[in-house]
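First up is the structure itself, then whatever we jot down about it.
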Amino acid sequence: MAQNIDEINRDFYDSSGSFFNAIPFSPILPELFLKYGKGGAILEVGSGPGGLAVWLEDKGYEVTCLEPAKKLAEAAAEKGLTVYPFTIQEFETDLQYDCVIAISSLIHVPKEELPNQIKKIAGFLKPGGILFVSFIEGDSEGLEDPTNVGKLRYFARWSQSDLDQIFSSYFDVLETHKIINEKMDRSFFLSVYSLKNGS
């Protein structure tokens with residue numbers, strides 16, 4: 001099932017990648033990064049064609065991108081970025097990062113898999129590391145076409161209380177914003193978390 005979901009999502013983004021080059025949740029996300037970002041090494045999960053990663057590298061950070069959609073990964077690589085064509089589920093490394101950024105990428109992780117992926121991300125972070133992440137508000141999961149382009153994507157929606165329960169084992173929340181995306185008719189939670197001591 002997960003493999004089929006990954007293929008469906010890859011197909012969508014490979015056919016629609018030109019829409020995803022802007023920095024997401026601007027100007028709020030850049031402001032949050034300038035407030036909480038630390039260190040020099042960043043892992044971006046679901047980088048798209050690299051708009052945010054380029055902005056971060058221009059500020060002196062070293063960014064490793066994960067982007068499973070082939071055309072988007074190629075576009076990011078053409079910008080000089082380091083890109084691995086993997087989902088968070090597929091990616092493995094012994095390296096640790098100062099920050100992990102997962103903006104509108106974990107919304108495609110099946111609900112039953114998310115707790116393990118959050119644990120995995122916690123393991124990718126250095127002590128005191130920072131996670132920037134967004135989710136769609138709700139309680140459902142499945143294939144949808146919220147932008148009405150005739151191609152489906154898989155989405156998982158979460159309540160804030162359910163997210164709090166998953167994250168609280170590994171992270172302390174620093175700040176959360178609820179953002180309405182009128183085009184998609186969805187509300188997003190954009191949050192910043194700090195890795196707990198001992199995680």
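The values are calculated or read from the model by the stated rules, or taken from the named source; none is laboratory data. Quick caveat, the model's predicted, so the values are computed rather than measured. Ideal geometry is used to build each Cβ from the backbone, glycine not excepted, and the neighbour counts take in all protein chains shown.
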Fill in the blank from the handout: Checking Lys59, Lys79, Lys71 in turn, the sole residue that is charged (D, E, K, R) and touching a Phe, Trp or Tyr at 6+ places or on another chain (Cβ under 8 Å) turns out to be Lys71
Practice task
Being surrounded by 16 or more Cβ atoms within 10 Å (Cβ to Cβ) and at pLDDT 75 or above is the filter here, so list the residues in the stretch 9-35 that pass it.
Solution key: Asn9, Arg10, Phe12, Tyr13, Ile23, Pro24, Phe25, Leu29, Pro30, Leu32, Phe33
Practice task
Answer yes or no as to whether Gln89 is of a type in the set (S, T, N, Q), assigned to a loop (DSSP other than H, G, I, E, B) and surrounded by 15 or more Cβ atoms within 10 Å (Cβ to Cβ).
Solution key: yes
Exercise for the section: Select from the stretch 37-80 the residues that are crowded, with 23+ Cβ neighbours inside 10 Å, in a loop (DSSP other than H, G, I, E, B) and either touching a Leu at 6+ places or on another chain (Cβ under 7 Å) or not acidic (Asp, Glu) (or both) and list them in ascending order. Expected result: Gly46, Ser47, Gly48, Pro49, Gly50, Pro68, Ala69
Completion exercise
Ile107 meets each of (1) in a helix (DSSP H, G or I); (2) among the hydrophobic types (A, V, I, L, M, F, W, C); (3) in contact with a helix residue (DSSP H, G or I) (Cβ under 7 Å, 6 or more places away or on another chain) with one exception, condition (3)
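Being aliphatic (A, V, I, L, M) and buried (at least 20 other Cβ atoms within 10 Å of the Cβ) is the filter here; which residues of the stretch 121-133 pass it?
Listed by number, the residues that qualify are Ile121, Leu125, Ile130, Leu131, Val133.
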Exercise for the section: Quick one: in the stretch 92-112, of everything that is out of contact with any strand residue (DSSP E or B) (no Cβ under 7 Å at 6 or more places or on another chain) and closer than 25 Å to Pro49 by Cβ, which residue is surrounded by the most Cβ atoms within 10 Å (Cβ to Cβ)? Expected result: Thr93
Completion exercise
Within the stretch 139-155, of all residues that are part of a strand (DSSP E or B) and not charged (D, E, K, R), the one nearest to Ser187 (Cα to Cα) is Phe155
Exercise for the section: Kindly establish whether Ile136 is in a helix (DSSP H, G or I) and either buried (at least 16 other Cβ atoms within 10 Å of the Cβ) or without any contact (Cβ under 8 Å) to a residue 40 or more places away in the chain (or both). Expected result: no
Fill in the blank from the handout: Only unsatisfied item for Ile121, checking (1) in a strand (DSSP E or B); (2) under 12 Å from the mean Cα position of the chain (by Cα), is (1)
Exercise for the section: From Tyr36, Tyr97, Tyr13, grab the single residue that is in contact with a helix residue (DSSP H, G or I) (Cβ under 8 Å, 6 or more places away or on another chain) and closer than 28 Å to Glu182 by Cα. Expected result: Tyr13
Problem - Selection status of Ala53, among the aliphatic types (A, V, I, L, M) and more than 15 Å from the chain's Cα centre (by Cα) - result: no
Practice task
Hey, can you tell me all the residues within the stretch 90-118 that are within 19 Å of Asp14 (Cα to Cα) and either without any contact (Cβ under 8 Å) to a residue 24 or more places away in the chain or not hydrophobic (A, V, I, L, M, F, W, C) (or both)?
Solution key: Glu90, Ser104, Ser105, His108
Completion exercise
Checked against (1) among the hydroxyl-bearing types (Ser, Thr, Tyr); (2) at pLDDT 95 or above; (3) more than 15 Å from the chain's Cα centre (by Cα), Thr147 satisfies every condition except (2)
